[in-house]
Every structure is written in structure tokens, then in C-alpha cells.
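Heads up, the thing below is written out as C-alpha cells.
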Amino acid sequence: MSVVIVGGGIGGLTLALLLHRAGIDCRVYEAATTLRPLGVGINILPHASRIFAELELDEALAGVSILTSEAVFFNRFGQLIYREPLGRAAGYEHPQYSIHRGELQQVLLDAVNDRLGADAVMTGYQCVAIDADSNGATARFQDPVTGASMPSERADAVIGCDGLHSTVRKLLHPGEGPPLYSGVNMWRGVAVWQPVLSGASMIRAGWLKTGKMVIYPIRDNVDGEGRQLVNWVAEIETPRHTHRDWNRLGKLDDFIGAFEAWHFDWLDVPRFLESAGTILEFPMVDQDPLPWWSRGRVTLLGDAAHPMYPRGSNGAGQAILDARALAEALKTHSSPVDALAAYERERLPLTANVVRMNRTNPPDAILREVFERTGDKPFDRIENVISASELAAMSEGYKRVAGFDRESLRTRGPALSPNP
Ligand SMILES: Cc1cc2nc3c(=O)[nH]c(=O)nc-3n(C[C@H](O)[C@H](O)[C@H](O)COP(=O)(O)OP(=O)(O)OC[C@H]3O[C@@H](n4cnc5c(N)ncnc54)[C@H](O)[C@@H]3O)c2cc1C
């Protein structure tokens, strides 16, 4: 069995490691001419970190991330709504990592280079077409800078791990429109700052109508004086938005007004935002779940298969779970066509539920509930607005749909089946 992986992002590199472990030949073809540490913060929850533990990446990841230990929710007046433990602090066997996307990609890339060899990732190969027949599938590439044709590659299967603007998805579903705007625009960046709250807290505050912030650290002691690299995302409902590009620059003046009064004892938000260097801007978008992902020997994985709102820390995690399911299917089916169909049967319905849940009731729905019940006013006691058990039920409901509630992880068996 041989596999061509289109895209060397989080999903594509994880798939390469899992296929290698299963004894399946593969190579990654990445459009970027060099893999640079792009993006900012990303979270890996226990359903995905247990797969990284099986791949023996846990030590490398722990060295460049924060093991996040609690989720904390505030209203825009800085009043505490809800707090719950996360990762190991919540009794999971495996941690929640908060990490710079570039660091995560580098850990995966180093492991791919070590285990599969230095030519396992071919950069500067932009996939433009795929021809499949009953004996195999051929991916065709061009140089992303010059447009010149690059050598094509034939394999038993071709997997599109090429992200939100996936070419492979467009080849399979040419009639689909562009990503769908949610009505929320996001600005994001990182600041070097002293630890906020526990120093391992994932903070969500405010609400989308008037301005919401997500703040969490992704790296310890970056200046030798104990300050951390702290990731932030500002999210505001607005009709204004531009085409989503992960690297579009944003301006502080366009959104800081929403957070001007956010001077809390746990953080002076305007000062914190002013200290950020580069600000990136992108609209919150997703796509309706597809009716199918696989045609014969070609399928989709990760954001290419199911782009979702980044409201549940699950974009990378679901790509990693896809990679696990696909590697297991390719290992257990002698026909690649059957393997891709089995993978799709397992993962499409589950990820479609996460896409829909991220639209309606992701974890930050807790903030919406309090915003609506209080009419966006400060409260005297949170218990008079919403009970602790109702808040916990909202949080647990999301975990079950996304597949990381503690009980199902505990009873699910090993993250990966034994090596062949
Ligand atoms: C530059 C960048 C920055 C990001 N920053 C963040 C962030 O800060 N926070 C966050 O939560 N998520 C971020 N993401 C998204 C996040 O990585 C994904 O949601 C998640 O990890 C799922 O991974 P994926 O492998 O499906 O897609 P991605 O990680 O997006 O990887 C897709 C890969 O495919 C490559 N590619 C695209 N088209 C082609 C083609 N035609 N041929 C070959 N290769 C192709 C891309 O260059 C990219 O390397 C970012 C993604 C990118 C590409």
C-alpha cells in the first residue's frame, strides 16, 4: 500500500507518522516552498494528545507548550461565571496542550524527518489535479511560484489534507461555494506577559455581540524572567469581513474600542492588547458538512473535509482523530477503496456533528447564556442567573459530541492498535 498526502499541516504530518507506524509507505506534498512556523495558538485536547502519546511525541510537545489546567469564564465586567479543570487536572490520563501552531508543526515535521527520512516531505508541490482509475491515483503538481509543472506521483490512495481552501475538496465537489461567514470577525496575536490567573488558564470573557476575548498562555518563561507567551483572540459580531487568509494583518484600532473598559484585577486587557506585536485578522468561517468525502482512491482529511468555527479548540484535534481512523482503516483493509469508505463512514457523521455544535453550542455558549439572561448587566450572584449544574451540563454536552468526555476516553480502549 502506498499513499500520497497532499498538505503538510497538522493533519497531513500526523497522518504520515501514523501510516509509517502501520508500515504503510507514504510521502507528503506541501505547497509552501518552506514550512515556516505560521499561526498562533492552538489546543490539543486529551482525545488527540493520547494519540501523540502513542506516537511518543509527548515529551517533545510538553517542552514547547503549556499543559493547560483550567477553563475560566467571565462576563465583560470581569465577574467570574464558571471555572472547571482541564486536561490532567480534570483527571484525564493525557494533558491538554496549548501550543503555538508553528511549534506543533515543527515537532511533527522533526518526527517525520527522523522516522520517514528527509525526503518524506516534498515542499513547493502544489496539487492541482488528481487522476484516479481502478489501479491507482495520480496526484499532479505545479510549482506554486512559477506555475511550472512538477513531477506527478502515483499511489494506491491520495489524501487531501490541504486545509480550509482545499484544492482536493474543490476537485471532488466543484459546485460548492466559498467558505460561509459566521458574522463574527476575529483578530488574534500573542503578547509576552506575566502569568495570568494560574498561568495555565484558558480564559473566555464577554460575548460576541459586544466583544469576546479568548486568552491562554502557549509557552513558559520566554524572557528568562518568568513571563509567558500569551495567545489572544478578539471576536466581534460584524457584517465586515475579508477573504480568510491565515496571515492577513489586522489593526488594533479596528477592535480595541470593544475592550476599552476591561480593566480587571486579573488582567488589564487594553494594556495587554497594546503590547501585542503583529496582529492578524480573519473571519470566522466554516462549510456545511459534505454528503461524502471519498471517491474511490481519493479522500479528504482535517479542515479540507470539515472546516469548523474555532470555538471548541477542536480543529487540530479532529484532524488528528481523522488521521488515526484513516491509518487504522488502511491497515485493516486490503483494498484502499474499502479502507477510504470505512474511514468516511466512521468520521464523517462524527465531524459533521462537531461542525454543527460549533455553530450552536460550543463551550462559549456559557457566555451567551449569561449575556442573555442578565441582559448584558453585571450580576449580584451567578447562582441567581444560572446554576453550577446547568453550566457543567453545557460544558459536558460539548465534550461528548466532540469525543473528549472523560468517560468515553476511559472506556474507548487504546489510542492505537498494536504495530503490525
Ligand atoms: C498558515 C496557517 C496558520 C494557522 N494558524 C492557526 C492558528 O493560529 N490557530 C488555529 O487554531 N488554527 C490555525 N490554523 C489552522 C489549523 O492548523 C487547522 O485548523 C488544523 O490544524 C487542521 O489541520 P489541517 O492539517 O487540516 O490543515 P492545515 O494545518 O491548515 O494544513 C493544510 C496544509 O495544506 C497545504 N496546502 C494547501 N493547499 C495545498 C495544495 N493545493 N497542495 C499542497 N499543499 C497544500 C497548506 O500550505 C498547509 O500546510 C492555521 C493553518 C495554516 C495553514
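The values are calculated or read from the model by the stated rules, or taken from the named source; none is laboratory data. What you see is a predicted model; the values in this text were computed from it and never measured. No Cβ is skipped: glycine too gets one built from the backbone with ideal geometry, and neighbour counts run over all protein chains shown. Just the protein is used for accessible areas: all its heavy atoms, side chains included, with ligands, DNA and RNA removed. Shrake-Rupley method; radii C 1.70, N 1.55, O 1.52, S 1.80 Å.
Below, the figures for the structure above:
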{"item": "Surface accessible to a 1.4 Å probe, LYS251 within the full protein complex, Å²", "result": "130"}
{"item": "Which listed pairs, of LYS251/LYS399; LYS212/LYS377; LYS209/LYS377, have C-alpha distances above 23 Å, in listed order", "result": "LYS251/LYS399"}
{"item": "Accessible carbon and sulfur surface of the chain relative to its total accessible area, %, 1.4 Å", "result": "49"}
{"item": "Cα-Cα P(r), the chain, percent of pairs per 10 Å interval", "result": "5, 22, 32, 25, 12, 3, 0"}
{"item": "Computed label-point distance, nm, for sites LEU197 and ARG356 using a 7 Å Cα→Cβ extension", "result": "3.1"}
{"item": "Inter-label distance for ARG400 and HIS263, nm, one decimal - labels placed 7 Å from Cα along Cα-to-Cβ", "result": "4.5"}
{"item": "Cross-link reach list, aspartates and glutamates versus LYS170, counting only Cα pairs under 20 Å and skipping chain neighbours closer than eight places", "result": "GLU30, ASP131, ASP133, ASP143, GLU153, ASP162, ASP245, ASP286, ASP288, ASP303, ASP322, GLU344"}
{"item": "Kyte-Doolittle mean at least -0.5 and Cα axial length at least 18 Å: DSSP H helices in the chain", "result": "101-116, 315-332, 336-360, 388-402"}
{"item": "Whole-number percent relative contact order across the chain, with pairs defined as alpha carbons under 8 Å at least 6 apart", "result": "20"}
{"item": "For the chain, calculated [θ]222 nm from helices alone, where every DSSP H run of n ≥ 4 adds -39500 (n - 2.57)", "result": "-9500 deg cm²/dmol"}
{"item": "Value of Rg to Rh for the stretch 320-420 (Rh from inverse mean 1/r over Cα pairs, i.e. Kirkwood)", "result": "1.17"}
{"item": "Normalised convex hull volume, the stretch 131-242, alpha-carbon set, Å³ per residue", "result": "206"}
{"item": "Principal axes of the stretch 1-116: Cα extent on each, largest first, Å", "result": "54, 30, 22"}
{"item": "Accessible area (Å², per residue) of the stretch 188-327, counting only protein heavy atoms and a probe of 1.4 Å", "result": "37"}
{"item": "Overall dimensions of the stretch 46-196 as given by Cα atoms, namely Rg and Dmax in Å", "result": "20.9, 62"}
{"item": "Two-decimal ratio, the stretch 187-265, of alpha-carbon radius of gyration to 2.2 N^0.38 Å", "result": "1.19"}
{"item": "Positive minus negative residues near GLY199 (Lys, Arg vs Asp, Glu; Cβ under 13 Å)", "result": "0"}
{"item": "√(5λ) per eigenvalue of the Cα gyration tensor, the stretch 328-376, largest first, Å", "result": "41, 8, 4"}
